[in-house]
Each structure stands twice: as structure tokens, then as C-alpha cells.
1. Given an 8 Å cut-off on Cα distances and at least 6 residues of separation, report the relative contact order of region 141-250 as a percent.
2. How many times 2.2 N^0.38 Å is the alpha carbon radius of gyration of region 254-310?
3. How high is the relative contact order of the chain, in percent, counting Cα pairs under 8 Å that sit 6 or more residues apart?
4. Averaged over every viewing direction, what's the projected area of the C-alpha convex hull for region 331-375? Give it in nm², one decimal, please.
5. Past 29 Å, Cα to Cα, is the threshold; run LYS88/LYS255; LYS254/LYS386; LYS96/LYS310; LYS96/LYS226; LYS35/LYS384 against it and keep the listed order.
6. By its C-alpha gyration tensor, with a ≥ b ≥ c as the square roots of the eigenvalues, how is region 317-394 shaped: rounded for a/c under 1.5, else prolate for a/b larger than b/c, else oblate?
7. Determine Rg/Rh for region 285-347; Rg is computed over alpha-carbon atoms and Rh is the Kirkwood hydrodynamic estimate from the same atoms.
8. In Å and from the alpha-carbon atoms only, list the Rg and Dmax of region 49-142.
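Each value in this text was obtained by applying a stated rule to the coordinates, not by laboratory testing. All values derive from a computational prediction rather than experimental measurement. Methodologically, a virtual Cβ is constructed for each residue, glycine included, from the backbone with ideal geometry; neighbour enumeration extends over all protein chains shown.
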Amino acid sequence: MVPKEASDRIYFGGLNGLRFFAATAVIFHHVEQYKLWAQRDGASYSSVFGGDSILSIFFEALGHKAVSLFFVLSGFLITYLLLAEVRKTNTVSLKKFYMRRILRIWPVYYAVILLAFTIVPRLFDVGNYGQEMLTNNPWIWFGLCFMMLPNLVRYNSVELVGGNQTWSVGVEEQFYIIWPWLVRSFHKNLVRMLVVLIVVKLALGLTASMIANQTNAGILHTIANKFQLYWGLFKIEQMAIGALGAWCLFTNKKKVLNFLYHPFLVWGSVVACVGFFFVEYSFAGDTLLEAFVFLVIIINVSTNPACMLKFASPKFNTLGNISYGIYMYHTLVIAVLLSSLQRMGLDQNPILFNSILYIGSIFGTFGLAYLSYNYFESWFLNLKEKFMVVKSSNKAELIGKEEVQDAQREVKSAFDKPVSV
């Protein structure tokens, strides 16, 4: 089943809900991370980070798996829209694509970066990491972030309090630089290109890992070790899996889609997704497994009307619209709250401290993201409309009742009886 188009707009129902839950999960992850950073002598609270307990694994995974979901989702959506643009115009307008990305990503990104390098380390520092950053070549780190390379800051000797989550935005922006070129050049052989890309990505990572493990010291060991770390962050293979899903959907590969819609696969993916949050694992290709599981969930939530996972509603649409703000602003809110609570001495009361920190971080972030979307980002988003060739929509009302019924019949025709997922 391909998504229905109306008023020259493409709508994927339910994805805003997924975005919202993923962005919210990252808040919980970073609350515990910042508590670990801020831990000081005499404090009566403790962070679940740094242990081997199920709770520690769960909170660690909340952030990491949510980011992987974002990567797959980006590859899926961007590739589908680019393929639709090629079908409509026989090419991809690079200028319009880059302008759309700039207007959506840059305003909030640079606002957060400026606050993380100026206000936060001076007024709301956490664990003295901000002060360490200011005294340890700050212009290098600022320059990297300014050039959309925050992922190169992550494995250095500083932590960007209030902006450490921006590493994944940098990865996505680097993906966006090359992706329209690749889709425009290889849209007729997209699957072959994606498979080659995945193989090359994994092969280079494994090669660097082998060199790092087989050399104990020296320049080669240092280069291989650093390359392995940064190359691992550039999860283009997960975006490529999302792109493969977009291609199958766009070209209406019914056998593949019937496989992805099968209830056993869907429920198996849901169970595997839950397992990701409670089981530690590391093996060659683990990012591909995660990406495939997330792709199954993404395609069923957004295009399978028989799927019981329902995230398409006006409330989820509103929350999904502010999900980028939730992701970008939440560490600023956590830093402000945590440093303020410590100054007031409330870290001596663990129940009160954690209650205020969690409730304040969640609702403070939601409120800030809502205000940002409506009074800051919306101005840029209105400009973004001028550069859209194929328009996407968050409004479920663009899908009419007859279109939904047609889509349901198309999915159900793959089985002898109606699909119940």
C-alpha cells in the first residue's frame, strides 16, 4: 500500500506519534546522564547510569534506540519525498532541498548551540563540564558545532552541557548533504546503490576495528581507534535501511510489503523492540537489525490501516510537530533545573529532587518546544513552503474515507482473512 496523496501533499499517518515518543524517551535518558555528571559529595540521590542493572540498561537504551529510530525515519521520509520529486520533475532540485533543510533545522540548532556555549556554562553548569569546556580550546569545539560537525565533539575531552544531543543532528545534516545527489544520480538503481553503501559502511567499520584491536599503540592504532568511534556514530546504514523501505513502498513491491505487513513479523518486531531496551548486545550488524525492526514498525504504523498500533490523531500530530524542539531543548531545561536544585540544596532530598527534576524537565521541555514551534520555528516553516516540490502533510484529514477503505482492501487482499495486527 502506498500512501495516498491529496492536494499534492503526501501524508504518512502515525509518524508524528512515533517522533514524539522517541523525543520524550531521550529526555529520560539525559535526566539520568546529567544526574551522573552533577553527582557531588553529600548528595543523597544517585543516577542509574553506570551500572549493570536492568534499570541502567533501560535508561541507557532509551536515548540510543530513540536516535536509531530517528535515523531510520529520516532515511525513509527523505527518500520517499525525493523519489516523488523525481517522478514529478525527472530530477531533484538541490537548491530547494537544501533550503528546506536549512529552514527546518538550522534556526533551533544554532539557538541551542549559542546557549550551550555562552549562557549555560556560566550560569547553569553541570558537574563543572561547562567550565572545563570554556578553558579547553572552546573555539575549536564551537567551530566544529558551527560547521555542523557536533558529532566530532562527542568523543573528545569536553561535554557540551545543554547541547550534547546535537551530535545526531550533525549526522543527519551530513546525510542530507549527500543524499539528494545520490538519489538523483542513482534513482534507477537505488537498491543496488543502497546495498553497496551498507556493505561499504560495515566493511570500513570492521576494518578499523580489526586494526585498532591488533595494534596496541602508535599512530595507526590511534587513527583506527578514532575512525572506528566516529564512523560508528555516522549511522548511514540505518538511514539506508529506511531508504530501502521507502523504495519498496514507493514502487509498490507487493510481495515485500505483504511480508512487512504480516502479523507475525509485526509482533515479532514489537517484541524485539521491547527487548532492545532491556538486553545489552553488540555484534557485527546489530545496527542493521535495529534498523529493520524500526522500519517494520514505521511502515505498519504509517501505512497499514489494520495495524493496532495507532498513533494518528490530532493530539499526536501536535506533539509530533514539536518533537524537534523537544529533542533540541530538553538538555537545556535539564541543565537549568539541575543546577538550580543543587543551589537550593534540594539534592539532599532524593524524592523531592527527582520529582521536581523529572516533572519539570518533561513539562518544561514540552512548553518551551510548543512556544518555539509557534512563535519562532513557524516563521521559518512558512518560508520553507516556498521551496517544496512535493509537499508532505501532518494533517490526517487529507486522507478521505474512500481512500482509507481502498488501502485497507489492498492490505487485506494479501491474506485469506483480514489482517489483525
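1. Details: 70 pairs, mean separation 28.4, N = 110.
Taking the mean separation of contacting Cα pairs over the length of region 141-250, I get 26 percent.
2. Values: Rg = 11.9 Å, N = 57, 2.2 N^0.38 = 10.2 Å.
Region 254-310 yields a ratio of 1.16.
3. Working: 564 pairs, mean separation 143.1, N = 421.
Taking the mean separation of contacting Cα pairs over the length of the chain, I get 34 percent.
4. Details: hull surface 11.9 nm².
Mean projected area of the Cα convex hull: 3.0 nm².
5. On the way: LYS88/LYS255 25 Å; LYS254/LYS386 35 Å; LYS96/LYS310 33 Å; LYS96/LYS226 35 Å; LYS35/LYS384 38 Å.
Exceeds cut-off: LYS254/LYS386; LYS96/LYS310; LYS96/LYS226; LYS35/LYS384.
6. In terms of gyration-tensor shape, prolate.
7. Details: Rg = 18.3 Å, Rh = 15.1 Å.
On the Cα set of region 285-347, Rg over Rh gives 1.21.
8. Spelled out, the Cα radius of gyration and Dmax of region 49-142 are 19.6, 54 Å.
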